[in-house]
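A.B. asks: Here it is, the structure in full.
The values are calculated or read from the model by the stated rules, or taken from the named source; none is laboratory data. Everything numeric here is computed off the predicted structure, so don't read it as measured data. Neighbour counts run over all protein chains shown; Cβ positions are idealised from the backbone, glycine included. Quick note on the areas: whole protein, heavy atoms, side chains included, nothing else; ligands and nucleic acids left out. Shrake-Rupley method; radii C 1.70, N 1.55, O 1.52, S 1.80 Å.
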Amino acid sequence: MSTASELIAAHPFLAGMDEQHLVRLSYWSRRAVFHAGTRLFNENSRADRFWLIREGEVRLDSRLEDQGEVIVETIGAGRVLGWSWLFPPYQWRFGATAVSSVLAQEFDAAGVRGLLASDPALGYDLTSRFMKIVVNRLQATRLRLLDAHRSPQ
C-alpha cells in the first residue's frame, strides 16, 4: 500500500515538487472515495478542501436563474478539483458532483494554508500551480462564451 506522500508525488499536478514539500503536504491529506451522484460541494458554500483526482470524473456546474444548472467543466483523473479554498472569502465558485466513482486524495484547506504561510518556497510553488488552473479555467470559460455567442439562437 502506498503512503500519502507517494500517492501525491505520483499525481501530475504535483510533478517535480520538492520531496520535503510533498511530505509536508501529505500530513494534510487523506484518501477519499465518492460514489457516482455524490454532491461534493455547492456553489457559494464554504471552500475548506481540495482534491487530487486519481480515478473517475467530477462535473463542475453553476446555477443560472434563467437556465438552471449549467455544466462548466468535467474534471477527470490526473487533475485537481478546487481552488476557491486558496483565496478569501473561501467560497466555492461552482458546485461539483461525482459523475462516476471517484478516488482522490483530499486536502484540508486550513492546514495547507497554514503550511503555505509558514514555508514561502512551498507557498510560491503550490500557488503557482493553482494559478495555472485558474488561468486555464478562465480561458476555457471564455472560449465557451464565445462559442455560445456565435451559435445561432
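A.B. asks: Those residues that are closer than 19 Å to TYR124 by Cβ and open to solvent by less than 30 Å² (accessible area, probe 1.4 Å), I need them from region 27-50; list them, please.
C.D. replies: PHE50 - this is the single residue of region 27-50 that is closer than 19 Å to TYR124 by Cβ and open to solvent by less than 30 Å² (accessible area, probe 1.4 Å).
A.B. asks: Out of curiosity, is ARG30 within 13 Å of the chain's Cα centre (by Cα), modelled with pLDDT of 95 or more, part of a strand (DSSP E or B) and not polar (S, T, N, Q)?
C.D. replies: The answer is no for ARG30.
A.B. asks: Something else now. Which of the following residues is within 22 Å of LEU14 (Cβ to Cβ) and open to solvent by less than 30 Å² (accessible area, probe 1.4 Å): LEU126, LEU103?
C.D. replies: LEU126
A.B. asks: In region 77-111, how many are touching a Phe, Trp or Tyr at 6+ places or on another chain (Cβ under 6 Å) and touching a residue at least 60 places away in the same chain (Cβ under 8 Å)?
C.D. replies: Qualifying residue count, region 77-111: 9.
A.B. asks: For residues that are at pLDDT below 95 and either over 22 Å from VAL135 (Cα atoms) or of a type in the set (D, E, K, R) (or both), tally how many sit in region 86-108.
C.D. replies: So the answer is 1.
A.B. asks: Here is a list: GLY82, GLY78. Which entry is among the small types (Gly, Ala, Ser), within 22 Å of LEU138 (Cβ to Cβ) and touching a Pro at 6+ places or on another chain (Cβ under 7 Å)?
C.D. replies: Selected residue: GLY78, the only one of GLY82, GLY78 that is among the small types (Gly, Ala, Ser), within 22 Å of LEU138 (Cβ to Cβ) and touching a Pro at 6+ places or on another chain (Cβ under 7 Å).
A.B. asks: Let me ask you something else. Any chance region 74-85 includes a residue that's touching a Gly at 6+ places or on another chain (Cβ under 6 Å), modelled with pLDDT of 90 or more and farther than 21 Å from THR127 by Cα?
C.D. replies: The answer is no; no qualifying residue exists.
A.B. asks: Those residues that are at pLDDT below 75 and of a type in the set (Phe, Trp, Tyr), I need them from region 119-153; list them, please.
C.D. replies: none
A.B. asks: Quick one: VAL23 ticks every box in (1) farther than 19 Å from SER128 by Cβ; (2) in contact with a Leu (Cβ under 6 Å, 6 or more places away or on another chain) bar one, so which box is it?
C.D. replies: The one condition VAL23 does not meet is (2).
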